[in-house]
Amino acid sequence: MFPELKWLLPDGVDETLPEPARQTEQLRRQVLDLLAGWGFELVDPPLIEYLESLLSGVGEDLDLQTCKLVDQASGRMLGIRADMTPQVARIDAHRLKRGGPTRLCYVGPVLHNMPDRFLGSRNPIQIGAEIYGYAGIEADIEIATLLLKTLAQAGFERVTLDIGHVGVVRGLVRALNLDAAQTDSLRDILNRKSQPELPGFIDGLSASPALAAFARTMPRLHGGAEVIAEAATACPQGLDEVTQALAELEAVVAAVAAAVPEATLTVDLAETRGYRYHTGLTFSAFLPGEGQEVAWGGRYDDIGSIFGSARPATGFSTDLKRLARLANQPVLRRAILAPALDDADLQQMVRLLRAQGEVVVQAYPGASDVAADYGCNARLARVDDGWMVEDLTA
């Protein structure tokens, strides 16, 4: 009915043209090489799975983001993955079944029901790394460091890594003996950093003066590493979960700062995103001028339990297409145009150059012989007794 609109894509679904596709692919190879150098093994989960497996151990947000359909072969519900992390957890728990620490990495397309940010893509390319089977903060330090190294691989020098720990708010919730509704209210106040609202909320609870005073400080406990010491001083005795979380934060911040001194590290003790999903440290990376994080991660020890192996787990992920777009690093390559001639020496030269890794584009008879029309910046030119590459960029 509307033939002129057949080229339109669904809202939020994008396609990648040659130059940004080359940038994305180059970055993909660089990041995978980086991860391989740290001992991470590449896995490739399927794009589609049975829904109950795909959504096992994850929160409601991922359920809402997952596109669902009926499998015509079995009649069961299928889901197109919106996040590869649960799939990798299944591979570790159900397929590999290793006893010791396992490092896995992955890259592939995912599909979202709706964009997760303004003008965001519904079909990003997710790339990430996971460590299973080690509960110590050394794994968290490695993941946070690799997250920053990944962004550096994309050319980003000014990165802010915001570090939190769900144990701080979770310990406070338990100490205040909050029910589910009260917990949601507190999380909402903390996420909005609403200092005027918090005293009224706390006053409605039967909390000790010391605990109430500590709770009131939460919205302002964000900034540099000094807020960890401030929180430790204000924390009442007996809040062991909070004390442990603060100690882990302090150690991780110090270690990551030493490993990647050029990064800016901030701490947010009132951050509760992923509260029901994460079980420990959390990471969010920001770039100048970008209001939303470009990479994220943290610890989620319970993710593999549904698959029969509740191994400790920590990891990070990011959208490869978005990173490549923000980096906008042109792929410097030489492409050589070979003329449309039936010449044995010419064809031998073409084969030799391609074997050496050069890009050689063969022109067609009767078509344009302008190198730029083929995306080439060099060409094969005849010399006295053969052929040579002529640079056209000089």
Which label in (i) 21.7; (ii) 24.2; (iii) 23.2 gives the computed Kirkwood radius over Cα pairs in Å: (ii)
Trp7, Trp387, Trp296, ranked by accessible area, largest first (probe 1.4 Å): Trp7, Trp296, Trp387
The range 213-308 - percent of accessible surface contributed by carbon and sulfur, probe 1.4 Å: 52 percent
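Using the crude model of +1 on Lys and Arg Cβ and -1 on Asp and Glu Cβ, and no other charge, please compute the dipole size for the range 1-107 relative to its Cα centre, in debye to 20.
The dipole magnitude comes to about 540 debye.
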Residue-count net charge about Cys67 - beta-carbon cut-off 10 Å; Lys, Arg +1, Asp, Glu -1: +3
Calculated FRET value between Tyr364 and Ala327, using beta carbons and R₀ = 51 Å, to 0.05: 0.90
Computed magnitude of the charge dipole of the range 270-394 (debye, nearest 20; Cβ of K, R +1, Cβ of D, E -1): 760 debye
Cα-based Lys pair tally, the chain, threshold under 27 Å, eight or more apart or on separate chains: 4
Top positive-direction residue, dipole computed over the range 156-279 with Cβ charges, set Gln237, Ala263, Ser206: Ser206
Pair Leu9, Arg95: separation of 7 Å Cα→Cβ label points (nm): 2.7 nm
Label point distance in nm, Glu25-Met114, each placed 7 Å from Cα along Cα→Cβ: 3.5 nm
Top of Ile131, Ile48, Ile163 by mean-square fluctuation, Gaussian network on the chain, Cα under 10 Å: Ile48
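Treating only the Cβ of Lys, Arg, Asp and Glu as charged (+1, +1, -1, -1), what charge dipole size does the chain show about its Cα centre? Round to the nearest 20 debye. Mind dumping the intermediate values first?
Working: 36 positive and 53 negative charges, 100 e Å.
Dipole size: approximately 480 debye.
The values are calculated or read from the model by the stated rules, or taken from the named source; none is laboratory data. From a predicted model like this one, the values you see are computed outputs, not experimental measurements. Quick reminder, even Gly has a Cβ in these numbers, built from the backbone with ideal geometry, and neighbours come from all protein chains shown. These area figures cover heavy atoms from the full protein model, side chains too; ligands, DNA and RNA do not enter into them. Shrake-Rupley method; radii C 1.70, N 1.55, O 1.52, S 1.80 Å.
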